[in-house]
Every structure is written in C-alpha cells, then in structure tokens.
Amino acid sequence: MKQFFKSFLYYLLLQSCVSLYDPPTNFKFGQLIVNGRITNTSEEEPIVLQKTTSNGLRIAVTNAIVEILEDDKSYLLTEKENGKYFKPDNLKGKPDHTYQLKIALPNGSNYSSKKEKLPISNGSGKSTFKLIYKNIIDEEGTVVTKPYVKIFSNVSLDTVNQYMRWDVTETYFFFMLLIPSPYALTAQPPQCFSTNTVNSQNFTLIHSTNTKVKSLNDLEIAERVIDNTFAERHGFTVYQVSLSPEAFDYWRRIKLSINQTGSIFDTPPAPIVGNISDEETGEMALGYFEVSNVTLNRFFVYPHNISFYIPRPCTYDPTRMIESYPNRCFDCFSLPNGTYIPPKWFLD
C-alpha cells in the first residue's frame, strides 16, 4: 500500500510539479485519480484520469465524459490520448470567473469538483539564474563538488493577500546516434526532446499576508545539476502560480507531510483530501482540480554560458563500442517524456 502511494505521488510530481512524499495508507483500490488545472494561459495541459489497482499500478480511465463549467457555460473536453482529456481551444481561464470540473465515468459514477474562482491577480516579475558549485555527498559517501544552475524569482505582488506557488520545468534536446554509411550522403542526426519537472523534492509556497512585503527579490525556487543534457541549449520554464485559498491549503498540507520527520510513535499525518468527490456517495477522488492565475517566464542556458566543455553524449566515434552508448542514443522514448516533437516555444 505504501509503495502504491509513493508511485501515486511520483505521478502527481510529474504532472503538477509536486514533491514526492509518503502519505497515509488508508485508501481503497479502484479509487479515481484526477489531476489537472485550468489557467489563464494557452498552455496545453490535459486533465488526466486514472484509477488505482490492487497491484499498486494505475490504469487510464478512458471513454469518460469530462467537461469544465465556466460560470454556467459548459465546455466538453476531448480524449486525445488514453486517460488524457484536453480542453477546447476556445477555453482559457478568465480572472474572477468560477470554474468546476465534471466527470461522468463509463460505470455511471459522476464526480465533480468544488467551484473555485480564478484569482484576479498574479503579480509580475522576472526569473534569473546563476551557475554555482556546491559540495554534495555521493552514493559512496564521498564529498564531491558539482556544478548547478540555481533559479531565482524576483516578483512584485499585486495584492497583500496572495497565495503563490512556483513550479519549474526543463526542456532539453540532444542529437541521437547516427552511424555514417559509405553508401549514403551524410545526414543530420535525429533530435530527441524531453520535458520534466525540476526540483521534484521541493516546491515554493508564499502567502503574501504572512510575508508582509510587496516584493520578493532573489527568491530561490529551484536548482538543477549541470550534466550532459546541457551539451545543447537547455530551456527552463518558471510558472508563477496564484492560487485560491483552498488550493494553497491543499499544497501547504502536502508540504507539511513532505517535511514531517519523526519516530514511528508519532501520530501519522491526516489524509490529504482534494476537492473532487462522487456526487452520490461523497467518496473523495485522489488529486486536485486547480483553478489558477499563471504567469510564466522562460529562459535558456547555452553551452557558452558554462565555463567548461560538455561533449555531446551520442556523437559517433569509430573507436567506440556501440554497446557503450546510453540507450537514449538509440531510443528517444527510453528517456522520461522523450519525444521527437519539440514544444512550439523551444524553436521560436
């Protein structure tokens, strides 16, 4: 059971930039998992439906009817991939409007989220980064020095009562292995792209009333070790997320569970309840449907920003054994979220 919830939270981590933690084990198999949000941006973010299984895995919930209500107007979502339901192009969140998620499962069960208003303001700001070195302890217990990209946010808050979270994702690419052929013209190696969360073990929450300040300078929000994925340009997206008080409290309780350390005699943390439930039985689904005002910043770290040379990991070398190349040099899909299709913004 505990292993299932670890994998479940790892799933949330990938979908929502949430840190992995070890939640309570009082759940039942066949429970609905819902993850997704509506924002004021045009980013393509699906609503993901899954169910728990007895062996600790998750299965996609297909052929559901999923809709989002904006005030009293309904928008039907389209299932483009198994268990992934995408919003129509004409639906983009509007500040101070109310949103609700409605789900009709093939078995006749109907779930809905609590209505939430999209926050009016978000604040403005800019993300910056620094390249640093720091000492860490490796798996063998040895202290080693490694280079990192450290990401900061400088933000001016619009109101004195804002609930904020910062999420960071990275997008990088590399040239896959291309073995030259004496019978063909030299071709460009195919490119593989990957987008993932950064700092999955932590996320930043700020309530502006508690901070009693209108601006935050050099707020550290993420860091990423520099490895061979920086051989080409490496893109970062910083999401500055303005939340409802209810959503902020949900993530606050998750953060408390992550940071909770104690003995086996301590009282276990209370179940972290989301905002989606069965309309007839009241059974709670796992996860949260978030209604948020998002500002995003993007920047690139280029090879020339780094003070040392990073070789391309899949460059063909006739003196090298083919078996010594990493698997991703041959199979893009072996990489987490590997794809041959780059995000639109990455090529702009």
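The values are calculated or read from the model by the stated rules, or taken from the named source; none is laboratory data. Computed from a prediction, not measured in an experiment: that's the story for all the values here. Please note: Cβ atoms are built from the backbone with ideal geometry, for glycine as well, and neighbour counts cover all protein chains shown.
Within the bounds of the stretch 272-283, is there any residue that is modelled with pLDDT under 90 and in a loop (DSSP other than H, G, I, E, B)?
Yes, the stretch 272-283 contains a residue that is modelled with pLDDT under 90 and in a loop (DSSP other than H, G, I, E, B).
It is to be established whether one or more residues within the stretch 251-267 are at pLDDT 90 or above and outside any helix (DSSP H, G or I).
no
Restricting to the stretch 15-43, count the residues that are modelled with pLDDT of 85 or more, closer than 18 Å to residue 83 by Cβ and surrounded by fewer than 21 Cβ atoms within 10 Å (Cβ to Cβ).
Looking only at that region, the number is 1.
Identify, please: which residue in the stretch 278-308 is of a type in the set (Gly, Ala, Ser) and surrounded by fewer than 17 Cβ atoms within 10 Å (Cβ to Cβ) and is, among those, nearest to residue 166 (Cα to Cα)?
307
Output the residue which, of all residues in the stretch 116-168 that are hydroxyl-bearing (Ser, Thr, Tyr) and closer than 17 Å to residue 301 by Cβ, is surrounded by the fewest Cβ atoms within 10 Å (Cβ to Cβ).
By that ranking, first place goes to 133.
Which condition number does residue 311 fail, the rest of (1) exposed (fewer than 14 other Cβ atoms within 10 Å of the Cβ); (2) within 27 Å of residue 95 (Cα to Cα); (3) at pLDDT 90 or above being met?
(2)
Could you list, in sequence order, the residues of the stretch 180-230 that are among the hydrophobic types (A, V, I, L, M, F, W, C) and modelled with pLDDT under 75?
Hits for the stretch 180-230 are 184, 185, 187, 213.
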